[in-house]
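Participant: Have a look at the structure that comes next, please.
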Amino acid sequence: MKKSRIKNLDLRYFAIPFTVILALFSVFMYRDVMQRVTGMNEELEQYALAITDRYTSSLLNASDAQEIIEQLLEDKLQIVSEAILLLEDRKDSDKLTEIGERFQVDEIHLYDPSGEIIYSKGNKYVGWKAYEGHPVDAFMKSGAKYLVEDIRKDSESENYYKYAYIRDADGSFIQIGIHTDKIRYFLDRFTVQRMIDQLADYDYIHNLMFISSDLTVEASSLKEYIGRQAEENQFLKTLATGEIHTERTVLKNQEVFRVCVPVKKKATTMAFWQCTGKLRKAALRSEESSFRAS
């Protein structure tokens with residue numbers, strides 16, 4: 001009888017401290033796990049923000065560079081076209097060739113009022129006539145005194161040019177073009193899709209998207225989404241508030257961490273990035289980095 005009481009007493013003696021220790025251990029483990037999750041989320045958020053900030057800066061710098069280049073080209077085209085219009089002996093292909101070399105422009109064509117090239121730098125395309133739907137035909141019928149086009153592919157050479165037109169009093173007009181392949185090659189290095197394609201190679205990136213202010217997917221690591229409309233709530237929130245939106249969610253049975261970052265230019269939200277990272281891959285990468293650092 002006495003042994004049975006001692007046995008029960010011993011069990012109570014050990015059970016209570018064990019329960020307390022187990023409860024404390026569970027609390028500490030829960031706090032540790034939550035701290036790790038919070039820390040990982042914060043690290044992923046900072047990583048995603050660093051990516052988007054870096055490439056947003058590149059994008060805006062490229063946009064500014066393109067605007068400056070375009071303006072310089074427009075200024076040059078306008079000056080040259082107005083100078084040619086003042087020349088009395090411009091109706092001569094040899095003279096236009098000389099002018100083109102002096103001002104370093106690649107194409108000079110003098111059209112008659114019907115849209116046919118009658119004189120040209122290097123005697124190029126003389127006799128060619130603008131047809132319905134061609135940009136030259138559009139200018140001819142517009143009645144405008146002066147026009148500068150955006151960079152486009154030339155219909156005859158397949159090269160890219162920036163063209164300007166100026167009309168004379170008799171209805172004839174001059175077309176001047178500057179070859180822009182080198183400029184396009186430089187600017188193409190900073191296109192959004194090129195940036196996304198570079199980033200998408202990392203295995204801890206689930207997907208990246210660049211979405212315009214009208215919620216159209218302009219570029220994406222998942223090509224099938226390009227051109228689609230994005231109507232999810234976090235996109236609308238980012239667009240409406242101009243604030244960063246983050247969330248942890250599940251896509252195709254995979255845990256991911258998604259960040260939406262607005263891209264602003266002159267205080268206007270023009271578009272935003274969506275960066276979705278794979279949580280497990282990113283966590284492993286984070287642990288590997290910590291192990292190497294230690």
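Participant: Calculate, for Arg184 and Ser213, the FRET efficiency according to 1/(1 + (r/R0)^6) with r their C-beta to C-beta distance and R0 25 Å; round to the nearest 0.05.
Facilitator: Efficiency, from the Cβ-Cβ distance: 0.50.
Participant: Enter the accessible area of Lys95 (Å², nearest 10), with the probe set to 1.4 Å and all protein chains included.
Facilitator: 50
Participant: For a quick check: with amide H placed at 1.01 Å from N, whose amide H comes under 5 Å from Val263's, ignoring anything fewer than 5 positions away on the same chain?
Facilitator: Amide H neighbours of Val263: Met270, Ala271, Phe272, Trp273.
Participant: Pull up all non-local amide H partners of His206: gap of 5 or more, or a different chain, and H-to-H distance under 5 Å with H placed in the peptide plane.
Facilitator: Result for His206 returns Thr276, Gly277, Lys278.
Participant: Considering amide H positions built from the backbone, and no H for Pro or chain starts, which residues 5 or more places from Ser213, or on another chain, come under 5 Å of its amide H?
Facilitator: none
Participant: Quote to one decimal, in nm, the extra length available between Lys153 and Ser114 on full extension: 0.36 nm per residue of separation minus the C-alpha distance between them. Kindly include the intermediate steps, with their values, before the conclusion.
Facilitator: Numbers: separation 39, 0.36 × 39 = 14.04 nm, distance 2.29 nm.
Between Lys153 and Ser114, full extension yields 11.8 nm more.
Participant: So if we plug the beta-carbon distance of Ala65 and Val250 into 1/(1 + (r/R0)^6) with R0 = 51 Å, what FRET efficiency do we get, rounded to 0.05? Don't skip to the answer; put the middle values down first.
Facilitator: Numbers: r = 40 Å, r/R0 = 0.79.
That gives a FRET efficiency of 0.80.
The values are calculated or read from the model by the stated rules, or taken from the named source; none is laboratory data. If you're wondering where the values come from, they're calculated on a predicted model, not measured in any experiment. Don't worry about glycine lacking a Cβ; one is built from the backbone with ideal geometry, like all the others, and counts go over all protein chains shown. These area figures cover heavy atoms from the full protein model, side chains too; ligands, DNA and RNA do not enter into them. Shrake-Rupley method; radii C 1.70, N 1.55, O 1.52, S 1.80 Å.
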